[in-house]
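The values are calculated or read from the model by the stated rules, or taken from the named source; none is laboratory data. Everything numeric here is computed off the predicted structure, so don't read it as measured data. Neighbour counts run over all protein chains shown; Cβ positions are idealised from the backbone, glycine included.
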Amino acid sequence: MTLNTLRFEMKVTRMEFQKKGVGIKTMDDLDKQHLNRAFLFLEKQLEKVLYYDNTIRIGELSPGEKIKCKDYSNPRYWKKLQSHLRHRPKTKLSALIDNYSDNHKAELLSQLKQNCIKFDHSSIGSNTILKHMKICPVTGLDISMQKSDSKLLSNTGLKYYEKVEPKTFDRLSYALLTGRQNKYENDIYSQISKQIRNRYYDNYLRYNSTSQGKLF
């Protein structure tokens with residue numbers, strides 16, 4: 001993506017949490033109703049996030065509010081507070097953000113509601129979703145941006161990652177570039193692609209010769 005993007009997600013370690021909050025148990029539950037519930041659930045979690053807005057106009061605050069802001073902007077202050085004592089300062093901080101700042105969280109919530117993806121139920125299903133994601137068995141990276149018959153990460157995908165996820169591309173270069181060139185692989189993309197192919201077929205031959213374990 002060419003624009004700066006904020007990614008907001010929740011870490012769920014217990015499936016029961018997801019079942020109760022959203023109602024998604026299997027891929028078959030990925031329909032319009034459940035995806036909308038997932039969005040609303042994520043929105044509620046964002047509303048609960050405690051944050052200090054750096055755009056608070058300190059010069060407009062009273063002396064007492066200025067002192068409080070020093071506490072509110074310090075993560076250690078919140079960590080030391082027992083959970084049952086946080087409600088009052090959180091309420092005061094929210095009031096300061098509402099009245100004396102650009103309120104970035106409110107702006108983010110507004111944009112989420114305006115730009116929420118509208119799902120067409122007819123286009124949603126476990127088979128459809130799975131077809132959109134193709135994984136290279138050597139690198140474990142998504143290659144859905146390549147031709148439909150591609151099964152390994154190739155030049156097109158490498159150029160994509162170089163532009164969109166440069167850190168991923170750098171890791172691939174470090175891990176796969178051998179430093180040797182020939183007339184057939186005269187650029188960095190072709191060299192990396194060759195190494196991916198070599199690893200794939202080396203593992204394939206090793207698997208077929210032993211008939212044990214998984215391919216990767």
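Annotations for the structure displayed:
- Asn127 being under 30 Å from Lys44 (Cα atoms), at pLDDT below 85, outside the structural domain of Thr55 (by TED's automatic domain parsing) and not β-branched (Val, Ile, Thr): yes
- Residues in the range 99-124 that are outside any loop (DSSP other than H, G, I, E, B) and modelled with pLDDT under 50 were compared, and the one that is nearest to Leu35 (Cα to Cα) is His121.
- Top-ranked residue of the range 17-30 - restricted to ones that are at pLDDT 75 or above and out of contact with any Gly (no Cβ under 9 Å at 6 or more places or on another chain), ranked as farthest from Leu42 (Cα to Cα): Thr26
- Residue within the range 165-188 that is at pLDDT 85 or above, of a type in the set (A, V, I, L, M), surrounded by 14 or more Cβ atoms within 10 Å (Cβ to Cβ) and touching a Cys at 6+ places or on another chain (Cβ under 9 Å) present: no
- The single condition among (1) free of Cβ contacts under 8 Å to residues at least 12 places away in the same chain; (2) assigned to a loop (DSSP other than H, G, I, E, B); (3) among the small types (Gly, Ala, Ser) that Gly64 does not satisfy is (2).
- Contact map, the range 67-80: first residue under 11 Å from Tyr52 (Cα atoms), second residue part of a helix (DSSP H, G or I) and among the hydrophobic types (A, V, I, L, M, F, W, C), Cβ cut-off under 6 Å, separation 6 or more or different chains; pairs are Tyr72/Leu93.
- Among the residues of the range 48-61, those that are surrounded by 10 or more Cβ atoms within 10 Å (Cβ to Cβ) and in a helix (DSSP H, G or I) comprise Ile58, Glu60.
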